[in-house]
Amino acid sequence: MSVSDALLTPVDVLRAGVLRVLAPWLSPLYADRRRRVWWLGVFSVVSAFVVTGLVPLWSLALGPVLLGVPHLVSDVRYLVVRPGLHLRHALLVLAGGPLLATSFGAGPVVGLASVVPAVLVATPRSWKLVLALGGWAALTAAAWLDPWAFQLGFLHAHNLVAVLVWWLLSPRAASMAWIPALTLVGVAAIFAGALDPLLTVAGGWSAPWTGASFTEFVETITPALEPTLAARLVLSFCFLQSVHYAVWLRLVPDDERPRPAPRTFRSTWAALEHDFGRGPLLAFVALALGIAGWGLVNLPGARLGYLHLAAFHGYLELAVLARWFVHGRRT
Amino acid sequence: MPLLILSLTVAATALADIPPDNSTQCRSASAGAPCTTDDGKPGTCVSQKVGRLDYSEGVPPKSVQVDMLICVPSVSAKSVVPATTPFLASGLVLAVMLGLLVMKVAGRRRVGAA
């Protein structure tokens with residue numbers, strides 16, 4: 001028996017036992033994939049909203065440290081590995097280079113450069129190509145003129161890009177529109193001040209143990225705005241970040257799984273090993289555990305370290321979206 | 001939403017604070033540590049009273065005076081290059097991951113060819 005089997009078998013046995021007991025109530029929710037994704041999506045958006053209203057600073061501090069690396073793995077898995085983009089050497093080098101550079105501190109103009117090979121490599125000439133390159137040129141001009149403002153906008157927008165990517169991954173029933181619609185309603189409610197009283201009652205405006213404060217988040221992730229609006233922009237970021245993680249860690253994997261039924265943890269590990277290989281997978285696990293362990297010692301430092309590492313993934317999502325637009329999905 | 005539109009279109013009189021000048025360089029430093037000021041001069045991190053907005057009791061925030069390390073220019077201090085270690089480390093981690101992925105792809109190709 002392998003180490004992964006030895007570790008995951010007891011968890012699977014426990015999970016099977018819980019599911020057996022709860023089967024009368026959970027079966028209707030779990031059996032059908034479409035229904036399962038729908039309620040998981042709605043539950044994720046609603047719980048992200050509630051968490052944002054109760055403990056936003058904890059969510060902002062712990063989310064990246066605990067869920068950051070797994071969500072990056074999912075991002076790369078479903079955008080690059082599963083469609084086989086990494087098998088195209090020209091694309092791997094030309095798009096991978098700028099993406100890698102962003103994690104070395106390169107600015108947004110370099111990150112955006114990954115869009116060009118993504119749309120040009122093995123792409124027939126079409127009006128869509130012209131439009132995509134025009135979009136890239138416009139974004140690059142904006143990033144060139146004001147890198148700080150561009151990065152702020154990109155930081156907030158990329159959380160919503162995940163919802164768009166999820167929407168485009170599979171044909172969607174109309175009922176699935178509830179998930180993006182609820183997300184937008186949540187953002188509107190936050191900007192209207194719906195969470196302000198809840199935060200005050202729950203004491204969520206302050207969380208000294210996280211080593212972070214609203215003041216710091218306002219200073220680092222919002223432009224110069226009226227102070228109340230700036231605080232709500234931080235809350236909106238917190239909410240959308242949680243939705244972003246839910247999309248990559250729950251909705252996309254559930255949607256993209258070849259068989260419709262949920263998998264055991266051992267099967268999930270085997271599928272990950274098939275996609276990435278054992279070496280890279282173990283490296284991902286070590287990285288995830290390393291950042292989580294770092295968070296135990298220095299939570300703000302771990303969060304910052306993760307954010308440096310993750311700088312590439314927003315541009316990766318944008319490049320793949322641009323490729324889908326020009327080339328069609330999964331090519 | 002109307003508040004958002006109003007705030008974005010009408011010039012706000014009291015804008016949210018941005019980090020005080022010369023403060024970001026000293027964020028994770030201790031008093032007396034060498035630093036480089038916003039305009040590139042060598043300096044030293046010195047504790048000073050600065051005005052900040054305090055959101056800990058909700059919105060609208062209160063204006064408070066707090067002690068904060070500020071990079072103050074000094075003729076005796078040596079210039080320090082801004083830290084690149086976090087970026088170097090994160091870039092190297094990502095490069096290793098990318099390398100492992102490429103090796104795995106190459107390995108599969110070899111197996112396929114054999």
key: Förster-model FRET efficiency, 30 Å R0, residue B:30 and residue B:54, C-beta, rounded to 0.05   = 0.80
remark   = Simple spin-label estimate for residue A:271/residue A:137, 7 Å along Cα→Cβ, in nm, reads 4.2
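Let me check something: with ligands and nucleic acids excluded, how do A:55, A:21, A:201 order by accessible area (1.4 Å probe), largest to smallest? Mind dumping the intermediate values first?
On the way: A:55 65, A:21 100, A:201 130 Å².
Putting A:55, A:21, A:201 in descending order of accessible area: A:201, A:21, A:55.
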Mean Cβ count within 10 Å, highest first, over the residues of peptides A:285-292, A:307-314 = A:307-314, A:285-292
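How high is the relative contact order of segment A:33-327? Use alpha-carbon pairs under 8 Å, at least six apart in sequence, and give a whole percent.
Values: 308 pairs, mean separation 123.3, N = 295.
Normalised by residue count, the contact order of segment A:33-327 is 42 percent.
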ask   = Over segment A:209-331, what relative contact order in percent results from Cα pairs under 8 Å that are six or more residues apart?
value = 18
inquiry  = Straight-line reach only, C-alpha to C-alpha below 17 angstrom: list the aspartates and glutamates that residue B:104 could link to, leaving out same-chain residues fewer than 8 apart.
reply    = A:273, A:275
key: Loop-exposed trypsin sites (Lys or Arg not before Pro) per DSSP, neighbour cap 14 Cβ within 10 angstrom, longest uninterrupted part of chain A   = A:126-328
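Considering all alpha-carbon pairs of the protein assembly as shown, what whole percent are spaced by more than 37 angstrom?
Values: 29263 of 98790 pairs.
Tail fraction, whole percent: 30.
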inquiry  = With n ≥ 4 as the cut-off for DSSP H runs, can you work out [θ] at 222 nm for chain A, using -39500 (n - 2.57) per run divided by the number of residues, rounded to the nearest 500?
reply    = -25000 deg cm²/dmol
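Please list A:156, A:89 in order of solvent-accessible area, largest first, computed with a 1.4 Å probe with all protein chains present. Let's see the in-between values first.
Working: A:156 35, A:89 105 Å².
If we order A:156, A:89 from most to least accessible, we get A:89, A:156.
Which helices of chain A meet both criteria: a Cα extent of 20 Å or more along the helical axis and a mean Kyte-Doolittle score no lower than -0.5, with helices taken as whole DSSP H segments? List each step's numbers first, then the result.
Values: long enough: A:3-30 (34 Å, 0.97); A:33-54 (31 Å, 0.79); A:56-76 (27 Å, 1.27); A:89-103 (21 Å, 1.43); A:127-145 (27 Å, 1.36); A:147-169 (31 Å, 1.23); A:227-246 (29 Å, 1.03); A:278-297 (28 Å, 1.67); A:311-327 (25 Å, 0.81).
Helices passing the filter in chain A: A:3-30, A:33-54, A:56-76, A:89-103, A:127-145, A:147-169, A:227-246, A:278-297, A:311-327.
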ask   = Which parts of segment A:295-327 would a label at residue A:286 reach, counting a residue when its backbone N lies under 19 Å from a point 7 Å out along Cα-to-Cβ?
value = A:295, A:306, A:309-310
request  = Any chance you could list P(r) for segment A:214-272, counting all Cα-Cα pairs in 10 angstrom bins from zero, rounded to whole %?
outcome  = 20, 31, 18, 17, 13, 0
message = Restricting things to Cα coordinates, could you compute the convex hull volume per residue of segment A:112-202 in Å³?
response = 158
message = Full-extension gain between residue A:164 and residue A:93, please, as 0.36 nm times their residue separation minus the C-alpha to C-alpha distance.
response = 22.9 nm
query = Which residues' amide hydrogens lie under 5 Å from the amide hydrogen of residue B:41, considering only partners 5 or more residues apart or on another chain, with H built in the peptide plane?
reply = none
ask   = Can you tell which of A:174, A:155, A:185 lies farthest toward the positive end of the dipole of segment A:33-327, using +1 and -1 charges on the Cβ of basic and acidic side chains (Lys, Arg; Asp, Glu)?
value = A:174
ask   = Counting only other chains, what is the mean number of Cβ atoms within 10 angstrom of the Cβ of each residue in peptide A:94-102?
value = 2
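Using the crude model of +1 on Lys and Arg Cβ and -1 on Asp and Glu Cβ, and no other charge, please compute the dipole size for segment A:33-327 relative to its Cα centre, in debye to 20. Mind showing how you got there, number by number?
Details: 19 positive and 12 negative charges, 256 e Å.
It comes to approximately 1240 debye.
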remark   = For segment A:223-331, Rg(Cα) over 2.2 N^0.38 Å is 1.36
ask   = Picking from A:318, A:21, A:299, whose Cα lies most toward the positive end of the charge dipole for the protein assembly as shown (charges on Cβ: Lys, Arg +1; Asp, Glu -1)?
value = A:21
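Using a 1.4 Å probe on the protein heavy atoms, what percent of the accessible area of chain A belongs to carbon and sulfur? Before the final figure, lay out the partial values.
Values: 10670 of 14420 Å².
Result for chain A: 74 percent of the exposed heavy-atom area is carbon or sulfur.
The values are calculated or read from the model by the stated rules, or taken from the named source; none is laboratory data. Model, not experiment: these values are computed from the prediction. Note that each Cβ is placed from the backbone with ideal geometry, even for glycine, and that neighbours are counted across all protein chains shown. We work out accessible area using only protein heavy atoms, side chains counted, and drop any ligands, DNA or RNA first. Shrake-Rupley method; radii C 1.70, N 1.55, O 1.52, S 1.80 Å.
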